[in-house]
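The values are calculated or read from the model by the stated rules, or taken from the named source; none is laboratory data. Please read these numbers as outputs of a predicted model, since none were measured by experiment. Virtual Cβ from ideal backbone geometry, glycine too; neighbours counted across all protein chains shown. For the accessible areas, the whole protein counts, side chains as well, though only heavy atoms, and no ligand, DNA or RNA atoms are used. Shrake-Rupley method; radii C 1.70, N 1.55, O 1.52, S 1.80 Å.
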Amino acid sequence: MQYREPGVLLWRGFTLQEFANQCFGNKLDYGKGRQMPIHYGSNRLNYFTVSSPIATQLPHAVGAAYSLKMDKKDACAITYFGDGGTSEGDFHAALNFAAVMEAPVIFFCRNNGWAISTPTSEQFRSDGAVIRGQAYGMRSIRVDGNDALAVYSAVHTAREMAIKEGRPILVEALTYRVGHHSTSDDSTKYRPVDEIEHWRTARDPISRYRKWVQGNGWWCDEDESELRNNVRQELLKAIQVAERMPKPPLAELFTDVYDEVPSNLREQERLLRDTIKKHPADYPADVHI
Ligand SMILES: Cc1ncc(C[n+]2csc(CCOP(=O)(O)OP(=O)(O)O)c2C)c(N)n1
């Protein structure tokens, strides 16, 4: 998984409390507090933990898809990545392996024009990502990434094809990253403000979809403000609960890699406990040691 897809997790049923638990790395976080915030994962929802190194999730997805095929499951894998991710070696290895081994995987490239401050014009000279899927011998389609229905329809069909035919498919969604890359980025330093404003207003996919839903009489302004108020309250509550929840016990830091914790790690654990006991003020008080 890539870091920009919490929407997928939300849609599959990850609760706001589960999101908050991960961000606070408390004892209910499935990653046991070992991951950076927003690196969600869920066994229950078949959502492989978000990986920080760009594009490493692509070979993971191909492996998962290939194993689904070997187990003769009526299922496929989907993986998401940005335009910047297509410059990584993992992108090419994953596409070639999937094409040759006919793994049922959907490669979803969210081409939003920017990889932090690098525009696509400095990222590749090809016509986006879609042409590279074709070069590897897989069916590839480009959609308007700001049209929710077009994206839904493309992915829906891609899923059917991937499962029925046991083959990979690439979907490239063209869009624009309206926000800064992260909270530590100021994108007005490297792109014009009116470009951002144009995409934020005239081409905003959310208001476009909302207009369509409202036009059909399925939603109105009152529904919208009621939903927003409810979600805000739920979110604040989830954050408060997650913040108060104790952290995972210290011993968890040393498990899950080896079947039996080796002596060098046991030694490190002992040293860590001694250090915390000596300097309690420098360590969080809510970690059970
Ligand atoms: C291997 C690797 N190199 C560099 C980084 C730092 N980094 C984090 S996000 C990012 C940009 C990725 O851009 P893109 O793939 O287009 O995805 P977007 O953020 O636009 O969704 C970079 C370079 C990283 N996480 N991993």
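The figures follow:
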| read-out | value |
| --- | --- |
| Test: residue in the range 94-114 that is without any contact (Cβ under 8 Å) to a residue 60 or more places away in the chain, assigned to a helix (DSSP H, G or I) and farther than 23 Å from residue 59 by Cα | no |
| Test: residue 226 is exposed (fewer than 12 other Cβ atoms within 10 Å of the Cβ), assigned by TED's automatic domain parsing to the domain that holds residue 119 and modelled with pLDDT of 95 or more | yes |
| Close pairs (8 angstrom Cβ cut-off, 6 or more residues apart or separate chains): charged (D, E, K, R) in the range 269-282, not in a helix (DSSP H, G or I) anywhere | 269/261; 273/289; 277/289 |
| Count - residues of the range 194-212 that are among the aromatic types (Phe, Trp, Tyr) and touching a helix residue (DSSP H, G or I) at 6+ places or on another chain (Cβ under 9 Å) | 2 |
| Any hit, the range 43-55, residues being open to solvent by 20 Å² or more (accessible area, probe 1.4 Å), more than 16 Å from the ligand (Cβ to nearest atom) and closer than 19 Å to residue 168 by Cβ | yes |
| Single unsatisfied condition, residue 61 versus (1) within 14 Å of the ligand (Cβ to nearest atom); (2) among the small types (Gly, Ala, Ser); (3) assigned to a helix (DSSP H, G or I); (4) in contact with a strand residue (DSSP E or B) (Cβ under 7 Å, 6 or more places away or on another chain) | (1) |
| Residue match in the range 174-185 (condition: within 16 Å of the ligand (Cβ to nearest atom), more than 19 Å from residue 95 (Cβ to Cβ) and charged (D, E, K, R)) | yes |
| Those helices (runs of 4 or more DSSP H) lying entirely in the range 129-236 with at least 2 residues over 30 Å from residue 70 (Cβ atoms) and not aromatic (Phe, Trp, Tyr) | 148-165, 193-201, 205-215 |
| Single unsatisfied condition, residue 241 versus (1) under 21 Å from the mean Cα position of the chain (by Cα); (2) surrounded by 15 or more Cβ atoms within 10 Å (Cβ to Cβ) | (1) |
| Failed condition for residue 40, given (1) more than 14 Å from the ligand (Cβ to nearest atom); (2) under 30 Å from residue 187 (Cα atoms); (3) hydroxyl-bearing (Ser, Thr, Tyr); (4) out of contact with any Leu (no Cβ under 7 Å at 6 or more places or on another chain) | (4) |
| Filtered residue count, the range 84-110, keeping only those that are within 8 Å of the ligand (Cβ to nearest atom) and of a type outside the set (Ser, Thr, Tyr) | 4 |
| Only one of 145, 179 that is out of contact with any strand residue (DSSP E or B) (no Cβ under 9 Å at 6 or more places or on another chain) and assigned by TED's automatic domain parsing to the domain that holds residue 205 | 179 |
| Residue in the range 139-162 that is over 26 Å from residue 225 (Cβ atoms) and modelled with pLDDT under 95 present | no |
| Qualifying positions in the range 260-289 - part of a loop (DSSP other than H, G, I, E, B) and open to solvent by less than 100 Å² (accessible area, probe 1.4 Å) | 261, 262, 279, 283, 284, 286, 287, 289 |
| Among residues of the range 42-69, those that are among the small types (Gly, Ala, Ser), over 18 Å from residue 95 (Cβ atoms) and touching a His at 6+ places or on another chain (Cβ under 9 Å), counted | 1 |
| Selected residue [touching a Cys at 6+ places or on another chain (Cβ under 9 Å) and open to solvent by less than 40 Å² (accessible area, probe 1.4 Å)] from 145, 128, 113, 179 | 128 |
| Members of the range 68-85 that are open to solvent by 50 Å² or more (accessible area, probe 1.4 Å) and either in a helix (DSSP H, G or I) or in contact (Cβ under 8 Å) with a residue 12 or more places away in the chain (or both) | 69, 70, 74 |
